[in-house]
Amino acid sequence: MSDDVIWHCIRHNHCSFMAKITTGIFCRNPYNVTGICNRSSCPLANSRYATIRDHDGIFYLYMKTAERAHLPNKLWERVKLPRNYEKAMEIINKHLEFWPKLLVHKIKQRLTKMTQYRIRMRKLQLKVREKVMTMPRKETQRHIRRMDKAEKAAQLEKNIESELKERLKKGVYGDIYNYPFKEFDTILEMEKDDVAPPEEEEDEVEYVEGDDIELMDDMDDMEDFEGLPDGHDGDTDEDDLSDEPVAKKPKGSGSDSRSNVGRKSKKIIEVERDETNIRQRT
């Protein structure tokens, strides 16, 4: 089919790649060199056509001829272009030596633009940028409502717990409680921390000086004063008792005295000691 007939059908009837906007008419076909919908740039209405495409950062030169129009799977010839801009230009000049000059100029302009945006892409990848994340509005509102409900439920549980503790301290429920063991143990531990148990009072033990020992010592001292005369007054001072001599018995009558002491009745001596005086009673 003639190229003019194809262009007439595309331009005046319908084309799926055509995009009409206020600024002009554009073409969405990936093989279009300029992206504008016109007779010289349309890849469908030109049997001899060439363009440049990008595949994962690698540029390829695509060429179409009328001799391969009957082979759709082999319609486009692809040539890989090097990353060096000058070498890529040399390859384009080599393969498009006898092509229309206007088409070759458009291909070189496309190569220049694609090289520039590839450099900018590399710079942006090396530069640290903030990533903008979209948040769905419905999920955000749902999450906020759930958070509000959880806060209200937690506050309600705390109020109930505090009210039950106050009633427990006041003894509203009596002596029988159906508490879970875990909560019951926690309450007991809290009460133990708040109120320490009173310490048991131990029996106080006091050690006092005994009077019996002093009484025995006084009785031994009084036995030494048995030989004193009867007319001696019982109330004497400690100094007088220490100064007065004690009557000594003869040696011969020692045995008689011992025997007599055994026969005599026992004398009970009561001694009352004050701070200053000593009283003797027989």
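The values are calculated or read from the model by the stated rules, or taken from the named source; none is laboratory data. Just so it is clear, the model here is predicted, and its values are computed rather than measured. We place every Cβ from the backbone using ideal geometry, glycine too, and count neighbours over all the protein chains shown. SASA here: full protein model, heavy atoms, side chains in, ligands and nucleic acids out. Shrake-Rupley method; radii C 1.70, N 1.55, O 1.52, S 1.80 Å.
For the range 132-140, the condition holds for at least one residue, the condition being that it is of a type in the set (V, I, T) and assigned to a loop (DSSP other than H, G, I, E, B). Can you name the residue in the range 69-107 that is under 19 Å from P30 (Cβ atoms) and of a type in the set (K, R) and is also modelled with the lowest pLDDT among such residues? Here the answer is K74. When the residues of the range 86-115 are filtered to those that are in contact with a helix residue (DSSP H, G or I) (Cβ under 9 Å, 6 or more places away or on another chain) and β-branched (V, I, T), the one that is farthest from R48 (Cα to Cα) is T115.
Is it the case that the range 34-55 has a residue that's assigned to a helix (DSSP H, G or I), out of contact with any Pro (no Cβ under 9 Å at 6 or more places or on another chain) and either surrounded by 12 or more Cβ atoms within 10 Å (Cβ to Cβ) or not hydroxyl-bearing (S, T, Y) (or both)?
Within the range 34-55, none of the residues are assigned to a helix (DSSP H, G or I), out of contact with any Pro (no Cβ under 9 Å at 6 or more places or on another chain) and either surrounded by 12 or more Cβ atoms within 10 Å (Cβ to Cβ) or not hydroxyl-bearing (S, T, Y) (or both).
Would a scan of the range 82-92 turn up a residue that is farther than 27 Å from D3 by Cβ, outside any helix (DSSP H, G or I) and of a type in the set (S, T, N, Q)? Yes, there is a match, as at least one residue in the range 82-92 is farther than 27 Å from D3 by Cβ, outside any helix (DSSP H, G or I) and of a type in the set (S, T, N, Q). Taking the range 137-168 as the range and being open to solvent by 80 Å² or more (accessible area, probe 1.4 Å) and touching a helix residue (DSSP H, G or I) at 6+ places or on another chain (Cβ under 9 Å) as the test, only E161 passes.
Filter the range 4-33 down to residues that are open to solvent by 40 Å² or more (accessible area, probe 1.4 Å) and closer than 19 Å to E77 by Cβ, then give me how many there are. Residues meeting the conditions: 2.
What number of residues in the range 19-57 are without any contact (Cβ under 8 Å) to a residue 60 or more places away in the chain and under 60 Å from the mean Cα position of the chain (by Cα)?
So the count comes out to 16.
Within the range 116-136, if we keep just the residues that are free of Cβ contacts under 8 Å to residues at least 40 places away in the same chain and open to solvent by less than 80 Å² (accessible area, probe 1.4 Å), the residue that is nearest to D54 (Cα to Cα) turns out to be Y117.
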